[in-house]
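The values are calculated or read from the model by the stated rules, or taken from the named source; none is laboratory data. Bear in mind that the values here come from a model prediction, so they are computed numbers and not experimental data. Ideal geometry is used to build each Cβ from the backbone, glycine not excepted, and the neighbour counts take in all protein chains shown. With ligands, DNA and RNA removed, areas are computed over all heavy atoms of the protein, side chains included. Shrake-Rupley method; radii C 1.70, N 1.55, O 1.52, S 1.80 Å.
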Amino acid sequence: MAVPSSSVQVGAQRAPLTAAQQAGPVRPCLSELRLAAFAGHRRVSVPFGACTLIAGPSGSGKSTALRAYEALARLGGGARLVEAFADAGACVPDGARPDAQRRRGFRIGCTADGPEGPVRLELAVQAEPELRIVGERLTADGVTLLETALRDPGRRAVQAAWHTGGSAPVTRAPLPDDRLGTALLPLRVAGKTDGQRRVLAAAEQMVVALRSVFACDPRPDWMRVPVPTGSGRLLGGCDNLADVLWRTRHECARRHQQLVAAARAGCLGPVTDVLAEHLGDGTVTGVLDRGDGSRTDFGRLGDGELRYLALALVLLTGPGVLEVDPPGEVPPAMRTLTVLTDGLERCLDPHQRAELLHLAARMGDRGHIRLVATVSDAAWACRTPGVTVVHLNP
């Protein structure tokens, strides 16, 4: 697969780190995304902090970086390649020419920090003439723990070799060419030797870091409409926000009061409560209690207020409230959920975006919730403590 050289540059600005961030990661989390050859990106590295804003003008590839992150998250959760990259042709680098076998593809990677230290994953994907993984490498401390390669194009498998460290230093076996080998290792490695246990620990750290993602794009028009009760967890579009409010208001009074405080800071007029009202037909609608006997239905709120409320709720909750599939084998105290949001500042006024960013930084400092979001211009956010700003330059 031919991959052209890169002309894209990326720069990161970090505000002063908090004490918790200086102590280093305890829970597995993604600390870097690498777009070696992906769509319009060449040799781009995007570092992540607890609260990260990816900034750049239209066409700089901000949304593309988020899509790459989400695709890796899907693969880490066990999804097939076609589910993670529904439009694989759009991921091929601009201007990439096919090789002699008419193959074209793309390369991405990431680093997961955690108890095992930095663990790196590199992935090479063939998009044409058929979608398949042609190479994968998992490394830690300079040691290759897993390496796969496509040896026979006629077989739907890659040849994998992983570190053993026993009488046989490497174990070799075929793996499917449409799934992430790292995610399959816990099913294939026995963990009898120190080397095998090292492979398992690194793979599990990477998978836990990748799986813990919630892609969120609040849609105000959907949040204005009454929704049926019992939907359970918040969807990515936040259209069932009212039903989730009905649940969270009674389940966690402390977090609900934090949401009310956030609403008071970001919504116009007095706010004494944020709640859901039953309409008598099996549906609920969200309302703001103004404290003087009057209430404002969500249908009368502006787009910015609704997006602000939805994102605040997301940052104040977690996997038990959001529509995500957390790794059940990992204790909650060791989990970190990363929220992905494209266009964080969309519809928000300067005060709302500043309040929301401070909330994200505060929750990130606690270690349970991380934020990766795109913005067109991050000048307003560069000096916010605990915030990492990454500039993508076309």
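Applying the Karplus parametrisation 6.51 cos²θ - 1.76 cosθ + 1.60 with θ = phi - 60° to the phi angles of region 356-372, what ³J(HN,Hα) value in whole Hz is obtained for each residue in order, glycine and proline being reported as x?
For region 356-372, the Karplus-derived couplings read 5, 5, 4, 5, 4, 5, 5, 5, x, 5, 6, x, 8, 10, 10, 10, 10 Hz, x marking Gly and Pro.
Give the angle, between 0 and 90 degrees and rounded to the nearest 10, that separates the Cα long axis of helix 303-316 from the longest principal axis of the Cα atoms of the chain.
Compared with the principal axis, the helix lies near 60 degrees.
Any chance you could give the angle, 0 to 90 degrees and rounded to 10, that helix 194-211 forms with the longest Cα principal axis of the chain?
For 194-211 against the chain, the angle is about 40 degrees.
Tell me, Kirkwood radius of the chain from alpha-carbon pair distances, in Å?
One decimal place: 22.2 Å for the Kirkwood radius.
Near the amide H of Ser31, under 5 Å away, which other amide H atoms are found, from residues 5 or more places off or on another chain, if H is placed in the peptide plane?
Amide H to amide H, under 5 Å and 5 or more residues apart or across chains, Ser31 pairs with Thr111, Ala112, Asp113.
Can you give the relative contact order of the chain as a percent, counting alpha carbon pairs under 8 Å and 6+ residues apart?
Relative contact order comes out at 23 percent.
Please identify which residues in region 228-251 have an amide N closer than 19 Å to a label point set 7 Å out from the Cα of Arg295, following the Cα→Cβ vector.
Inside the label zone: 228-231, 240-251.
So if I take the centroid of the Cα atoms in region 155-218 and the same for region 32-46, what is the distance between those two points in Å?
23 Å
Within region 242-394, what percent of beta bridges assigned by DSSP are antiparallel, to the nearest 5?
If we restrict to bridges inside region 242-394, about 65 percent are antiparallel.
With a ≥ b ≥ c the root eigenvalues of the C-alpha gyration tensor of region 251-394, is it rounded (a/c under 1.5), prolate (a/b larger than b/c) or oblate?
Note, shape of region 251-394 comes out oblate.
Trypsin sites (Lys or Arg not before Pro), restricted to region 183-226: which are DSSP loop and have at most 11 other Cβ atoms within 10 Å? Walk me through the numbers on the way to the answer.
Details: sites: Arg188, Lys192, Arg197, Arg198, Arg211, Arg224; in loops: Lys192, Arg224.
For trypsin sites (Lys or Arg not before Pro) across region 183-226 that sit outside H, G, I, E and B with at most 11 neighbouring Cβ atoms in 10 Å, the list reads Lys192.
Antiparallel versus total DSSP beta bridges in the chain: what percent is that, nearest 5? Each step should come with its number before you reach the end.
Values: 63 of 82 bridges.
Approximately 75 percent, going by the DSSP bridge assignments.
In Å², what does the accessible area per residue of the chain work out to with a 1.4 Å probe?
43 Å²
Find, among the trypsin sites (Lys or Arg not before Pro) in region 49-135, those assigned to loop by DSSP (not H, G, I, E, B) with at most 12 other beta-carbon atoms within 10 angstrom.
Arg102
Exactly which trypsin sites (Lys or Arg not before Pro) in region 134-174 are in a DSSP loop and have at most 16 other Cβ atoms within 10 Å? Kindly include the intermediate steps, with their values, before the conclusion.
Values: sites: Arg137, Arg151, Arg155, Arg156, Arg172; in loops: Arg151, Arg155, Arg156.
For trypsin sites (Lys or Arg not before Pro) across region 134-174 that sit outside H, G, I, E and B with at most 16 neighbouring Cβ atoms in 10 Å, the list reads Arg151, Arg155, Arg156.
Quote to one decimal, in nm, the extra length available between Arg233 and Arg188 on full extension: 0.36 nm per residue of separation minus the C-alpha distance between them.
Residue separation times 0.36 nm, minus the Cα-Cα distance, leaves 12.9 nm.
Please list, by residue number, everything in region 277-291 whose backbone N is under 20 Å from a paramagnetic label point 7 Å out along Cα→Cβ of His250.
Residues passing the 20 Å test: 277-289.
Considering Cα pairs under 8 angstrom that are at least six residues apart, work out the relative contact order of region 60-152 and quote it in whole percent.
Answer for region 60-152 is 17 percent.
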